[in-house]
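Following: one structure in structure tokens, then a few remarks.
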Amino acid sequence: MNNVTANMSSDEGVVGNFVSRRLFFLQYLHVLEFVVAALVFVVINSLRQRRRYGLPVWPFLGMLPSLVSGLRSDLYEWISDILCEQNGTFRFKGPWFSSLNCVVTADPRNLEHLLKSKFSVFPKGPYFRDTVRDLLGDGIFNADDETWQRQRKTASIQFHSAKFRQLTAESVLELVHARLLPVLENAVNQSISIDLQDVLLRLTFDNVCMTAFGVDPGCLRLGLPEIPFAKAFEDATEATLLRFVTPTCVWKTMRCLDLGTEKKLKKSIKGVDEFAEEVIRTRKKELSLQTEDKKQRSDLLTVFMRLKDEQGKPFSDKFLRDICLNFILAGRDTSSVALSWFFWLLEKNPVVEQKILAEICKIINERDDMKNGADLKSPLIFRPEEIKKMDYLQASLSEALRLYPSVPVDHKEVVEDDTFPDGTLLKKGTKVIYAIYAMGRMEAIWGKDCREYKPERWLRDGRYMSESAYKFTAFNGGPRLCLGKDFAYYQMKFVAASILYRYRVEVVKGHVVVPKLALTMYMKHGLKVNLIKRHESELQVYLKNNV
């Protein structure tokens, strides 16, 4: 009897355990079903919002997963695709803990609104200044209000002075003929490929240092030596850009702990500062010993050193450093990067190259010495008035800038509630990104052939005609329109004509050309090219055709 009772108790225990486990499993299954249903709802809801916002919006993370995906591919094309789908404007929603929320636009109406009509409502803003201040300080690229106006006014007077124009033209001529062409000729004689982007960056770096600081760093020489200041400056600009795609709390923590890219930035800024401090110290000593009858310098540093601030005191060394570094940033990368993309596009479009060469030869044929039968053996130096006549070349450069603007995106911040012409509401504190790269790829702006390299779109009856600064924003627009625009075109045309007249530029087979994520649109792997010297017979064909 006891055994029977024991067996019954045992069976009941087994059944009880089975029922208990079953109930637990059913409860677990319900929880799992709830979790799966919740996840499915979140995914579907996030994906549905893509129609409205252009990208999926995830809880807590916002659009960050899509941004990470864009960073791993081609960020500029990624932005362009979204803007084309969203009719030129979309609102990026970052993670709830970040400062990545912003409005991104490529609508010319909006650009004219923020760059001109409501200029005072859209300054660079505290977020931008805080992000780049370690490198650029309070220079013109970063400044707002009175600080910007004072620098802009002084620089504008200088840029439009006859002495400064003469200085810049003479420095370009010297750098091209005494340095650039010998370096290219050396590559031809040795039958070696070169990184043309690196060579052009060295050229513009030497040029802008001569006009901003009044010193020659000597980057462009045979052997292409590494210059500590140039390397430090480039590293600093790259590390600074990464702050814009990193939550502010993250990069500030890294800066405090001296980690990763912030450690690299700190080190490179130290190298930049050491160079600037030495130049300023040396220049002050020169000026203190300078006599009245001695030829006065006309570089920007010297001009600002002779001026006083609103209190009647000389500008501080820090202020002078900020001014010069900002102009180096503006003048070094823009022209060289634009020329790199120009030469890459030319190889893909040989008909354009032929038209440029024909234009150059036609202008040369107008020289009196050519009419009198002069040969092509003597070194040819283009004259300023000849450079001015090269309309098709300028159209070709503008078309390269349209497709590959040196500054692909720029930033503003809203200081009071406003509304864009396209109806986008803007609350105070909103960050606005205007995507200049994307503008060149929008059919609504440039037509169905917007992705084609077509210099003819810039010509009217054979003469170059510029477009609105709010449609073609490579040189910015409104009160912040680039002061060096005319010089940039002169420099690019002089360099391009001098190279194309002498060499055919061929990109090394298999070399990958993609944009680099930086403040300016570098080619990520440079531009590896082989140079083929033009034979006199080839030039004679163009010259005879233009007789």
* To do: Filter segment 413-458 for residues that are of a type in the set (A, V, I, L, M) and buried (at least 16 other Cβ atoms within 10 Å of the Cβ) and give the result.
  => Val414, Val415, Leu426, Val432, Ile433, Ala435, Ile436, Ala438, Met439, Met442, Ile445
* Gln149 at pLDDT 85 or above, more than 21 Å from the chain's Cα centre (by Cα) and under 28 Å from Lys124 (Cα atoms) -> yes
* Asked: Hey, any hits in segment 260-274 for a residue that's farther than 23 Å from Ser316 by Cβ, under 24 Å from the mean Cα position of the chain (by Cα), of a type in the set (Asp, Glu) and surrounded by 14 or more Cβ atoms within 10 Å (Cβ to Cβ)?
  -> yes
* Structure fact -> Given (1) charged (D, E, K, R); (2) under 24 Å from the mean Cα position of the chain (by Cα); (3) part of a loop (DSSP other than H, G, I, E, B), Asp486 misses just (3)
* Would you mind stating whether Ser378 is open to solvent by less than 60 Å² (accessible area, probe 1.4 Å), of a type in the set (Ser, Thr, Tyr) and at pLDDT below 95? => no
* Select from segment 218-246 the residues that are open to solvent by less than 10 Å² (accessible area, probe 1.4 Å) and outside any helix (DSSP H, G or I) and list them in ascending order. => Gly218, Cys219, Leu220
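Where residues in segment 85-123 are in a loop (DSSP other than H, G, I, E, B) and within 18 Å of Ile445 (Cα to Cα), which of them is most open to solvent (accessible area, probe 1.4 Å)?
Asn87
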* Mind checking which residues of segment 316-373 are in a helix (DSSP H, G or I), surrounded by fewer than 17 Cβ atoms within 10 Å (Cβ to Cβ) and acidic (Asp, Glu)? -> Asp317, Glu347, Asp368, Asp369
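For every residue, the table says whether it meets (1) surrounded by fewer than 20 Cβ atoms within 10 Å (Cβ to Cβ); (2) modelled with pLDDT under 95; (3) farther than 25 Å from Ala187 by Cβ.
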| position | (1), (2), (3) |
| --- | --- |
| Leu481 | yes, yes, yes |
| Gly484 | no, yes, yes |
| Lys516 | yes, yes, no |
| Met523 | no, yes, no |
| Asn546 | yes, yes, yes |
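Residue-wise test of (1) touching a residue at least 40 places away in the same chain (Cβ under 8 Å); (2) part of a helix (DSSP H, G or I); (3) within 22 Å of Pro379 (Cβ to Cβ).
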position	(1), (2), (3)
Trp148	no, yes, no
Arg152	yes, yes, no
Ser156	yes, yes, no
Phe164	yes, yes, no
Val172	yes, yes, yes
Leu181	yes, yes, yes
Ala187	yes, yes, yes
Ile192	no, no, no
* Asked: Got a sec? Which of Gly462, Gly477 is within 30 Å of Ala239 (Cβ to Cβ) and either surrounded by 15 or more Cβ atoms within 10 Å (Cβ to Cβ) or among the small types (Gly, Ala, Ser) (or both)?
  -> Gly477
* What about Cys249, is it touching a residue at least 24 places away in the same chain (Cβ under 8 Å) and open to solvent by 60 Å² or more (accessible area, probe 1.4 Å)? -> yes
* Qualifying positions in segment 509-524 - farther than 19 Å from Leu242 by Cβ and either touching a Ser or Thr at 6+ places or on another chain (Cβ under 6 Å) or not hydrophobic (A, V, I, L, M, F, W, C) (or both) -> Lys509, Gly510, His511
* To do: Taking Gln540 as meeting all but one of (1) in contact with a His (Cβ under 8 Å, 6 or more places away or on another chain); (2) surrounded by fewer than 18 Cβ atoms within 10 Å (Cβ to Cβ), write down the number of the exception.
  => (1)
* **Residues of segment 278-297 that turn out to be open to solvent by 80 Å² or more (accessible area, probe 1.4 Å) and at pLDDT 85 or above, as a count** => 4
* Does Lys524 meet the test of being within 16 Å of the chain's Cα centre (by Cα) and closer than 24 Å to Ile363 by Cα? -> no
* Answer with yes or no whether Leu135 is at pLDDT 90 or above, outside any loop (DSSP other than H, G, I, E, B), more than 24 Å from Arg402 (Cβ to Cβ) and open to solvent by less than 30 Å² (accessible area, probe 1.4 Å). => yes
* segment 49-60 residues that are on the phi > 0 side of the Ramachandran plot, paired with ones that are part of a helix (DSSP H, G or I) and at pLDDT 65 or above (beta carbon under 7 Å, 6 or more apart) -> Gly54/Ile82; Gly54/Glu85
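The values are calculated or read from the model by the stated rules, or taken from the named source; none is laboratory data. Predicted model, so just to flag it, every value in this text is computed and none were measured. Ideal geometry is used to build each Cβ from the backbone, glycine not excepted, and the neighbour counts take in all protein chains shown. Heavy atoms of the whole protein, side chains included, go into the accessibility calculation; ligands, DNA and RNA do not. Shrake-Rupley method; radii C 1.70, N 1.55, O 1.52, S 1.80 Å.
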